[in-house]
Structure formats: C-alpha cells, structure tokens
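Undergrad: Starting off with a structure, shown below.
The values are calculated or read from the model by the stated rules, or taken from the named source; none is laboratory data. A quick note: this is a predicted structure, and the numbers were derived from the prediction, not measured. Cβ atoms come from the backbone with ideal geometry, glycine included; neighbour counts cover every protein chain shown.
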Amino acid sequence: MDAHRGGAGVIIVGSGLGGYTLARELRKKDPQRPLTLITADSGEMYSKPMLSNAFGLNKAVEALVQKTAGQAAAELGITVLPRRRVTTIDRAGKTLMTTGDEDRRIAYDQLVLAIGAEPRAYAAAGSDAVPVAKVNDLDGYRSWRRDLAPDAAVLLIGAGLIGCEFANDLAVGGHRVTVVEPAGWPLGRLLPAALGQLLRHELEQTGIIVHTGRSVARMAPSGAGGFTAWLDDGTEVAFDRALSAIGLLPRTELAQSAGLTVARGIVVDRLLRTSDPAIFAIGDCAETEAGLLPFVLPLMAQARALAATLAGQETALSLPALPVVVKTPCLPLAVCPPPPGRDGEWIIAGQGRDRKALFRGSDGRPLGFALSGTAVAERQSLAKEMPSLME
C-alpha cells in the first residue's frame, strides 16, 4: 500500500460512457494534465446503449468492444486502472483507497465520480431459487449472452425504456419473449396511453407476449433446467431465462461514506461540483437541479461542460430540451417528457403507426411530446419549442 503521488491530477472513477467521454473532452482542452481513470470492470471502451440492440445490429458480444483498456489509455494519453474498486475517499488528504490485485492509495487534485447507477433489486416469492439476470454493463451482458441458448424462452420483468428495447431486440434474435409490467402500458412513465397501447400492439406483432397491469407473484424451478412464473392473476409463464429491467438506483454509497451531500443521487451544482469543491459527479449517479437525468444526451453535455471547468474555464451546465430516441425497431419512438408535476393534457394527432402527441400545460404552452413512426422525424424541430431542462 503506497501513497501514489504520481496519480495527482484528475482522477475519474468509472469507465462507462460518462467517464470516457469526460476523459476525451478534457484531453482536447488539456493534453498534458495527469489523468487517471479507475474502474471496477475491465475498462473496455464500449457504447452502453448498444447493449439493448446488439441482436438487431447482428453484433457478437466482443464486436461491441470499441477499444481495450490499453488501447483507450494509449489513444487518450491517460492511465487506466481496471479491476480496481474505490473503497474510501479521504477528502482531507485528497486520496482514494482502492482494492484489486493490490491495495493502493492514490492522490488526486480533482476527483470525478462517474460511477453510474445500480439495477434495482428484484424479488418475488421463490426468486431466491431462480436466477434473474440484470444487465447494466458489458461484463453483465457477456454473462447474459453466454447463458442464453438459441430460441430460449425469456421472461422480461419491466417494460420501461430498457425493458422495451431488450424485449424487441431479443425477439429479433429469435427468442420467445414474455414481458410482465405492472403499469397499464409499456413506457408508462414516458408515453400517453394511446401511444403506449400502440407500442404494446407492435411488440405483440413481433411475437412478444405482453402482460400489462400484472406482476410476478411467484416463481420456481420446473425441472429440466426450466422455470415457471405465476402472475398475480394466476397466469403461468414457462421460461428458460429471466431478465429484470425494473429501473436503476444511483450509486451513492461511496459519496455518502465520504460525507458528501446525497439525496436521490449525488447532489451537484451547475458546475457539476459536489459539496466538496474538489469533487465532481456526472451521469446516472449525479443529481442536478433538474433532477436525475439517466439519458445519453444530458450525460454528454455534462461531460463537455465539466471538461471545460477542469481545464480552467468554469462552465455552468445548461441543457435544452433533449428528446430521447427509443430503440424499438417495431415502432420508432422519440419522447421529450414534460417536466414532472406539471398540469396539462396530451393532445394526439395522426393515425396508424404515425402519431404526434403534444403535452400542453394549463396555459396552452407545449411542455413535452411523444412521436411514433414517421412523425419521429419532427423531434429536433419540436424540441426547439420545448422549455429547457436547465437554462
């Protein structure tokens, strides 16, 4: 165990899209600054959004790897420390303690937490005897694909953004998919009922069985390596593999143990700075004044703004309305959710697969939209009419 003063400079914890995007953006502005990226996984550079459409892209797991940790380190001129877990932050001494092949103390001048979010724990009666997978990174996806036989029957729990994308992609890959979702329609937090029911219809047209308004009451092994789930209405679902997609929780334990301010996520200001001026946070773990922003475009904007700040030019985060493109080939979708808690109503136009839904506030102003089919082409022009997430 040693105090590695050569690590002083910027330390980024996390090698996901946020960590590597920040490293790349900072390198553009400051080619010489010591920069170290520490990660609990292999440190491979890949695009996390591609995990939920790999079958559709005809991609084998290893084809998703854009660069190894060594290649990324060489290209960016940084140090990458894979398979290391940060266990404590010593704010007074400005050091981290890591574990891995050896315990090590590493110094920092500025520290960035890009540690993402953890899949919510799933439990139902009997689930302790049934393997229920969670996919949140490349390592988890490798394990999932390795254990997934061709033509497997898959029980997918949750029809939010990731659940719908995985369901569609698994069906494209030739798997028999059953989705169970407690809400009344898929993407219940993002879509109005009419578009949600349209999505359900299109998922079913691909061969997916969709149970909405239902939950898994019990599950158990059924012999010969298979399993059975019983829904709360008594429906039986036979399956070979189960995947939980019931949402994510920001990883806050490390920040909390270091005494940083934590709410739902790690609280940051407009500079992405935590309650310690030397420590910053971006991505799924960070809670901005606009709340948690678990989408790609806000993360990229955070990385660009923080890179400028770390390079010496303080840059406050500003976010226009950023539509989310849903990767469901059975029904193209783009959504710009209205701000939480705002009064208003959805007004829907169009027919068939091509729908345009505008959420108008009580004063008539447009606050959000949802588009399907060919109407998705309007997402950029409509986004300009929507209120900014952060001015």
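Undergrad: Among what's in the stretch 359-375 and is out of contact with any Asp or Glu (no Cβ under 9 Å at 6 or more places or on another chain) and outside any loop (DSSP other than H, G, I, E, B), pick the residue that is surrounded by the fewest Cβ atoms within 10 Å (Cβ to Cβ).
TA: Within the stretch 359-375, the match that is surrounded by the fewest Cβ atoms within 10 Å (Cβ to Cβ) is L367.
Undergrad: So which residues in the stretch 200-259 are closer than 14 Å to G163 by Cβ and touching a helix residue (DSSP H, G or I) at 6+ places or on another chain (Cβ under 6 Å), if there are any at all?
TA: Pass one, the stretch 200-259, residues closer than 14 Å to G163 by Cβ: 200, 203, 208-212, 214-216, 242-248.
Within the stretch 200-259, I208, V210, A245 qualify.
Undergrad: Which residue pairs have Cβ atoms under 7 Å apart, sit 6 or more places apart or on different chains, and have a first residue in the stretch 18-46 that is on the phi < 0 side of the Ramachandran plot and among the hydroxyl-bearing types (S, T, Y) and a second that is surrounded by fewer than 19 Cβ atoms within 10 Å (Cβ to Cβ) and part of a strand (DSSP E or B)?
TA: Note: pairs meeting the criteria are T36/T79; Y46/V65; Y46/Q66.
Undergrad: Collect the residues in the stretch 213-225 that are in a strand (DSSP E or B), of a type outside the set (S, T, N, Q) and free of Cβ contacts under 8 Å to residues at least 40 places away in the same chain, keeping them in residue-number order. If you could, list the steps in order and put the result at the bottom.
TA: Here is the first cut: in the stretch 213-225, the ones in a strand (DSSP E or B) are 216-223.
Next, from what is left, pick out any that are of a type outside the set (S, T, N, Q): 216-221, 223.
Hit for the stretch 213-225 is G223, nothing else.
Undergrad: Counting only residues that are in contact (Cβ under 8 Å) with a residue 60 or more places away in the chain and within 23 Å of T21 (Cα to Cα), how many does the stretch 48-88 have?
TA: 13
Undergrad: Would you check which residues across the stretch 272-301 are buried (at least 18 other Cβ atoms within 10 Å of the Cβ) and within 24 Å of A8 (Cβ to Cβ) and list them?
TA: Result: L272, R273, T274, I279, F280, A281, I282, G283, C285, A286.
Undergrad: Spot the failing condition for Q32; the list is (1) in a helix (DSSP H, G or I); (2) surrounded by fewer than 17 Cβ atoms within 10 Å (Cβ to Cβ); (3) not hydrophobic (A, V, I, L, M, F, W, C), and only one is missed.
TA: Result: Q32 passes all but (1).
Undergrad: Something else about it: Quick test for you: out of L322, L306, pick the one residue that is closer than 25 Å to D269 by Cβ, assigned by TED's automatic domain parsing to the domain that holds T288 and in contact with a Phe, Trp or Tyr (Cβ under 8 Å, 6 or more places away or on another chain). First the steps, then the outcome.
TA: Details: L322 fails: assigned by TED's automatic domain parsing to the domain that holds T288.
That would be L306, the only listed residue that is closer than 25 Å to D269 by Cβ, assigned by TED's automatic domain parsing to the domain that holds T288 and in contact with a Phe, Trp or Tyr (Cβ under 8 Å, 6 or more places away or on another chain).
Undergrad: Next question, about the same structure. Look at the stretch 161-187 and say how many of its residues are more than 28 Å from A149 (Cα to Cα) and either buried (at least 17 other Cβ atoms within 10 Å of the Cβ) or out of contact with any Gly (no Cβ under 6 Å at 6 or more places or on another chain) (or both). Steps first, answer last, please.
TA: Narrowing the stretch 161-187 to residues more than 28 Å from A149 (Cα to Cα): 183-185.
Checking which are either buried (at least 17 other Cβ atoms within 10 Å of the Cβ) or out of contact with any Gly (no Cβ under 6 Å at 6 or more places or on another chain) (or both) leaves us with 183, 185.
Summing the residues that are more than 28 Å from A149 (Cα to Cα) and either buried (at least 17 other Cβ atoms within 10 Å of the Cβ) or out of contact with any Gly (no Cβ under 6 Å at 6 or more places or on another chain) (or both) in the stretch 161-187 gives 2.
Undergrad: Quick test of your reading of the structure: P340 fulfils all but one of (1) free of Cβ contacts under 8 Å to residues at least 60 places away in the same chain; (2) surrounded by 16 or more Cβ atoms within 10 Å (Cβ to Cβ); (3) not assigned by TED's automatic domain parsing to the domain that holds P31. Name the failing condition by number.
TA: Of the numbered conditions (1) free of Cβ contacts under 8 Å to residues at least 60 places away in the same chain; (2) surrounded by 16 or more Cβ atoms within 10 Å (Cβ to Cβ); (3) not assigned by TED's automatic domain parsing to the domain that holds P31, the odd one out for P340 is (2).
Undergrad: Of all residues in the stretch 35-66, which are in a strand (DSSP E or B), surrounded by 17 or more Cβ atoms within 10 Å (Cβ to Cβ) and not aliphatic (A, V, I, L, M)?
TA: T36, Y46
Undergrad: Just to be sure I understand, how many residues within the stretch 164-192 are touching a Phe, Trp or Tyr at 6+ places or on another chain (Cβ under 6 Å) and within 15 Å of A370 (Cβ to Cβ)?
TA: Filtering the stretch 164-192 for residues touching a Phe, Trp or Tyr at 6+ places or on another chain (Cβ under 6 Å) gives 169, 172-173, 192.
From what's left, within 15 Å of A370 (Cβ to Cβ): 192.
Selection size over the stretch 164-192: 1.
Undergrad: Looking at (1) under 24 Å from M50 (Cβ atoms); (2) in contact (Cβ under 8 Å) with a residue 60 or more places away in the chain, which one does A290 not meet, given that it meets all the others?
TA: (1)
Undergrad: Condition check: without any contact (Cβ under 8 Å) to a residue 12 or more places away in the chain and not in a loop (DSSP other than H, G, I, E, B). Does A349 satisfy that? Walk me through how you get there before you give the answer.
TA: Working: without any contact (Cβ under 8 Å) to a residue 12 or more places away in the chain: yes; not in a loop (DSSP other than H, G, I, E, B): yes.
Judged against the criteria, A349 is a match.
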